[in-house]
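Single-structure report; data block below.
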Amino acid sequence: MADAFISIRDLFKGFGAQEVLSGVSLDINKGESVAIIGQSGCGKSVLLKHLIQLLEPDSGQVLIEGEDVTALHGRALVKLRSRVGMLFQSSALFDSLTVAENVGLGLKETEHLDDATIERTVREKLDMVGLGDILEKMPSQLSGGMRKRVGLARAIANNPEVLLYDEPTTGLDPITADLIDNMIVELNQKLNVTSIAVTHDMKSAFKIASRIIMLYQGKVEIDGSPEEIKNTTNPVVRQFIEGSSIGPVQVQ
Amino acid sequence: MQFGLETIGRRGVNFVRITGGLFVLLGRFIVSLKHAHKSFGLILEQLYVLGVKSLPLIVIISIFVGAVSAWQAAYQFKFIGAPLRLLGHAVGKAVVIELAPVLSAIVFAGRVGAGVAAELGTMKVTEQIDALESMGINPIRYLAMPRIIACVFMVPFLVVFANFIAIMGGLIVSVIGVDVSSETFLNGFKDSFQLKDFVNGLVKAAVFGLSIGLVGCYEGFAASGGAQGVGKATTTSVVISSVLILIFNFLFAVILFRV
Ligand SMILES: Nc1ncnc2c1ncn2[C@@H]1O[C@H](COP(=O)(O)OP(=O)(O)O)[C@@H](O)[C@H]1O
Ligand SMILES: [Mg+2]
């Protein structure tokens, strides 16, 4: 499929002697909401980071609209990154900055907008995640769920075309997790973005994604609609979605 | 025995890796200076946080550095029978050329170099550096450059104070403990004072500052693996920058102060 919006081709990545990705290939169309599932430590975050060159592959390509982004640098790289927003696994809020400064940092430092515009945008984005009233709080004063929501607001601050969510619900109580899931579904629709969410939370994956991909042993194990995933007979996938420690998948 | 060789090999590889890394960071720092105007506020903040806030500590250590050098000189003078009116000479030279720059830099490495490594290391292991990059912000320009600049300017700034306070410390000990009048002490100091020594001391201090800033940022950016990794980065940064300070200091002595 040459005309996919995002195309990952035969991606290999290792750290020292450990091979993490061993030939991942997948295509994502514009507007899709994809969930990538897999065991902890199977390389989901590593895969996501390749999309904005936070990591460089040992071999293989990541094409966005046909352009290989693994070799970009300088302005072209900044431009790519401005098209993509990312919510990090640990939220990764800057702990020396207030909530408002966190959300507005990219607007100030890379888009060079004036203070009034930044303030208006920050307020608007925080309202979208239901946190319009905590602008001056420090990240250390927030709960895990609130940190994720600030991270979300920061990720959408400059209206990206692509959103990457790294384990948006991990470590949250089920109710807050559901709130975040709903927020993601709403944002994906409202902002008309292409989204990739990495998770090992099956409930969350079924809720937010129109397509589910499972990584196993460094490769794509299955790629299909939520229905197909639910009904698959693939023993690896079955074991994962049923959450059983007994089966073909070894627990390291 | 094989184990010993392996350890030496690994240390050697580490040494090469760190040296290479420091040079790469130095290059990227110099390139980022092009965008210094964009980081003006950040630079001012770091000058204050890293430099001005180190002043009380530098004042305290300098009093005692001056005091002990006067005491030690008097003790040696007595032993070799040198006249005590030369005390100001000895203390002045020792403080301005060696003690103030080296000891200020080592204390600065312990306070500021460690702080920078810990702060950037924490940002690294909590993905804050990744987050910066994901927003198109260059961490070298945004984080490292303001800190390195602050180190380069603030170590000499602190050494100016250290010189002054240490001479005062020496003076106090001379008057109270050794029975040399303040006039005699200060005349001795004035006679021996050379602007060249003072300026060379500041040049050294700037080089020490550059090393401290580079090493702190390098170790911070290279941190991995959670709290333990940050702790390791912090300790390593103090060890490496202290060793660098002493090595550079010796090279400066050989080059600048010919015997
Ligand atoms: N920067 C790195 N350096 C070394 N090893 C790494 C790095 N990033 C990830 N890894 C390793 O790669 C593997 C996959 O990590 P990750 O993608 O974070 O897993 P997950 O699927 O849980 O997100 C892990 O074994 C991890 O230790
Ligand atoms: Mg992960």
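Some points to look at:
- Selection of the range A:165-176 for residues being surrounded by 21 or more Cβ atoms within 10 Å (Cβ to Cβ) and not polar (S, T, N, Q) yields A:TYR165, A:ASP166, A:GLU167, A:PRO168, A:LEU172.
- Breaking point among (1) closer than 22 Å to B:SER241 by Cα; (2) within 14 Å of another protein chain (Cβ to nearest Cβ), for B:ILE148: (2)
- Taking first residues from the range A:63-83 that are under 15 Å from A:ASP3 (Cβ atoms) and partners that are among the small types (Gly, Ala, Ser), the Cβ contacts under 7 Å between residues at least 6 apart in sequence or on separate chains come to A:LEU63/A:SER7.
- Cβ pairs under 6 Å, 6+ apart, first in the range A:26-54 and under 18 Å from A:HIS200 (Cβ atoms) and within 16 Å of ligand 2 (Cβ to nearest atom), second open to solvent by 20 Å² or more (accessible area, probe 1.4 Å) and aliphatic (A, V, I, L, M): A:LYS49/A:LEU55
- The single residue among A:ILE36, A:ILE28 that is closer than 24 Å to B:ILE129 by Cα and not small (Gly, Ala, Ser) turns out to be A:ILE36.
- In this entry, A:ALA205 passes the filter for residues that are under 30 Å from A:SER59 (Cα atoms) and in a helix (DSSP H, G or I).
- Any chance A:ASP133 is more than 18 Å from the chain's Cα centre (by Cα), open to solvent by 10 Å² or more (accessible area, probe 1.4 Å), of a type outside the set (Gly, Ala, Ser) and over 19 Å from A:THR176 (Cβ atoms): no
For (1) surrounded by fewer than 21 Cβ atoms within 10 Å (Cβ to Cβ); (2) within 14 Å of another protein chain (Cβ to nearest Cβ); (3) at pLDDT 95 or above, each residue gets a yes or a no:
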position	(1), (2), (3)
B:LEU57	yes, no, yes
B:ILE60	yes, no, yes
B:VAL65	no, no, yes
B:ILE80	yes, no, no
B:LYS93	yes, no, no
B:LEU103	yes, no, yes
B:GLY113	no, no, yes
B:ALA117	no, no, yes
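- At least 1 residues being open to solvent by less than 20 Å² (accessible area, probe 1.4 Å) and within 12 Å of chain B (Cβ to nearest Cβ) is the threshold, and among the strands (runs of 3 or more DSSP E) wholly inside the range A:16-107 those reaching it are A:84-87.
- Qualifying residue in the range B:127-136 (condition: within 28 Å of B:GLY226 (Cβ to Cβ), among the hydroxyl-bearing types (Ser, Thr, Tyr) and surrounded by 19 or more Cβ atoms within 10 Å (Cβ to Cβ)): yes
- Scoring B:SER224 on the criteria (1) open to solvent by 50 Å² or more (accessible area, probe 1.4 Å); (2) not in a loop (DSSP other than H, G, I, E, B) leaves a single failure, condition (2).
- Per-region count, the range B:143-183, residues farther than 30 Å from B:LEU26 by Cα and surrounded by fewer than 17 Cβ atoms within 10 Å (Cβ to Cβ): 10
- Looking across the range B:187-243, the residues that are closer than 22 Å to B:ALA105 by Cβ and of a type in the set (Val, Ile, Thr) come down to B:VAL199, B:VAL203, B:VAL207, B:ILE212, B:VAL215, B:THR234, B:THR235, B:THR236, B:VAL238, B:VAL239, B:ILE240, B:VAL243.
- Residue in the range A:116-130 that is in a loop (DSSP other than H, G, I, E, B) and farther than 30 Å from A:LEU11 by Cα present: yes
The values are calculated or read from the model by the stated rules, or taken from the named source; none is laboratory data. Note that the structure is a prediction, hence the values are computed from the model and not measured. Positions of Cβ are generated from backbone atoms using ideal geometry, with glycine treated the same way; all protein chains shown enter the neighbour counts. Side chains are part of the model used for accessible areas, which takes the heavy atoms of the whole protein and leaves out ligands, DNA and RNA. Shrake-Rupley method; radii C 1.70, N 1.55, O 1.52, S 1.80 Å.
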